[in-house]
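Written below as structure tokens is the structure these notes are about.
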Amino acid sequence: MGAGKSDADRRIGRRALLAGGAAAAVGTAVLARGELSHLWWRLPGVEKPRVAGAVDFLGAQWVAASPANYRRADRPDDYAIDRVVIHVTQGGFTSAVKAFEDPDHKAAAHYIVRKDGHITQMIRELDVAFHAGNREYNERSVGIEHEGFVERASSFTDAMYAASARLTAGICKRYGIPVDRQHIIGHVEVPGTDHTDPGRYWDWDRYMGLVRSAKTTKS
Ligand SMILES: [Zn+2]
């Protein structure tokens with residue numbers, strides 16, 4: 001179950017049950033599909049409920065990052081999300097997961113995409129991950145790491161591009177982010193960074209094409 005969706009569904013389900021009665025449940029569900037549930041959870045001091053182990057992207061596997069590597073937040077209500085930042089791990093998948101679990105690492109991204117297309121989520125999109133090295137960009141973005149090395153063209157596989165494009169398309173849909181290079185950027189494009197990822201072997205034209213087609217097909 002994908003959690004962005006399942007969280008919302010559970011929320012609706014619980015409220016419907018609390019309302020009681022079939023008629024009330026139907027009414028609540030219809031309203032909740034629109035603006036009501038969103039407005040409800042925007043009330044000051046009301047944080048969105050969380051389900052342990054839930055993910056925001058259908059098919060992602062949850063592995064929790066150390067809380068030292070992100071800041072708990074309530075996005076997109078406290079910070080609007082309008083960027084996706086593409087990273088390369090400069091190492092293997094397992095060592096990237098370990099680094100993000102390590103409280104001394106002081107950095108982590110929301111997702112890591114493995115060479116074979118497997119996706120691990122380590123931080124909820126609600127929260128501010130420390131991945132861009134720029135506070136404002138961390139607050140406004142979702143960070144996606146890709147297993148591999150910037151100087152190695154073979155790092156970037158077909159399966160990786162396809163899976164990452166589906167992930168980014170989903171993020172763009174969830175937050176109404178335009179699919180263009182102003183909003184889907186490399187770490188190298190974050191103001192003030194000295195990082196070079198994803199580097200010259202990352203095929204932006206191909207990636208953006210895949211994101212566009214993933215966005216127009218099913219969610
Ligand atoms: Zn990076």
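General remarks:
Each row is one residue, and each column tells you yes or no for (1) at pLDDT 95 or above; (2) surrounded by 16 or more Cβ atoms within 10 Å (Cβ to Cβ); (3) closer than 30 Å to Val150 by Cβ; (4) in contact with a Phe, Trp or Tyr (Cβ under 6 Å, 6 or more places away or on another chain).
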| position | (1), (2), (3), (4) |
| --- | --- |
| Ala8 | no, yes, no, no |
| Leu18 | no, no, no, no |
| Ala23 | no, no, no, no |
| Val26 | no, no, no, no |
| Ala32 | no, yes, no, no |
| Gln61 | yes, no, yes, no |
| Thr94 | yes, no, yes, no |
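- Of residues in region 121-145 being within 20 Å of Ala54 (Cα to Cα) and among the small types (Gly, Ala, Ser), the one nearest to the ligand (Cβ to nearest atom): Gly143
- Verdict on Ser141 being surrounded by 24 or more Cβ atoms within 10 Å (Cβ to Cβ), in the same structural domain as Arg206 (by TED's automatic domain parsing) and out of contact with any helix residue (DSSP H, G or I) (no Cβ under 9 Å at 6 or more places or on another chain): yes
- Residue selected from region 78-92 under the condition of a type outside the set (D, E, K, R), away from the ligand (no atom under 15 Å from the Cβ) and touching a residue at least 60 places away in the same chain (Cβ under 8 Å), by the criterion surrounded by the most Cβ atoms within 10 Å (Cβ to Cβ): Ile81
- Evaluation of Lys115 against (1) crowded, with 16+ Cβ neighbours inside 10 Å; (2) on the phi > 0 side of the Ramachandran plot (one fails), failing number: (2)
- Flag for Ala52 being modelled with pLDDT of 50 or more, touching a helix residue (DSSP H, G or I) at 6+ places or on another chain (Cβ under 7 Å) and part of a loop (DSSP other than H, G, I, E, B): no
- A single entry from Asp104, Asp197 fulfils the requirement of being in a loop (DSSP other than H, G, I, E, B) and more than 25 Å from Arg72 (Cα to Cα): Asp197.
The values are calculated or read from the model by the stated rules, or taken from the named source; none is laboratory data. Bear in mind that the values here come from a model prediction, so they are computed numbers and not experimental data. Because the Cβ atoms are built from the backbone with ideal geometry, glycine has one as well, and the counts that use them run over all protein chains shown.
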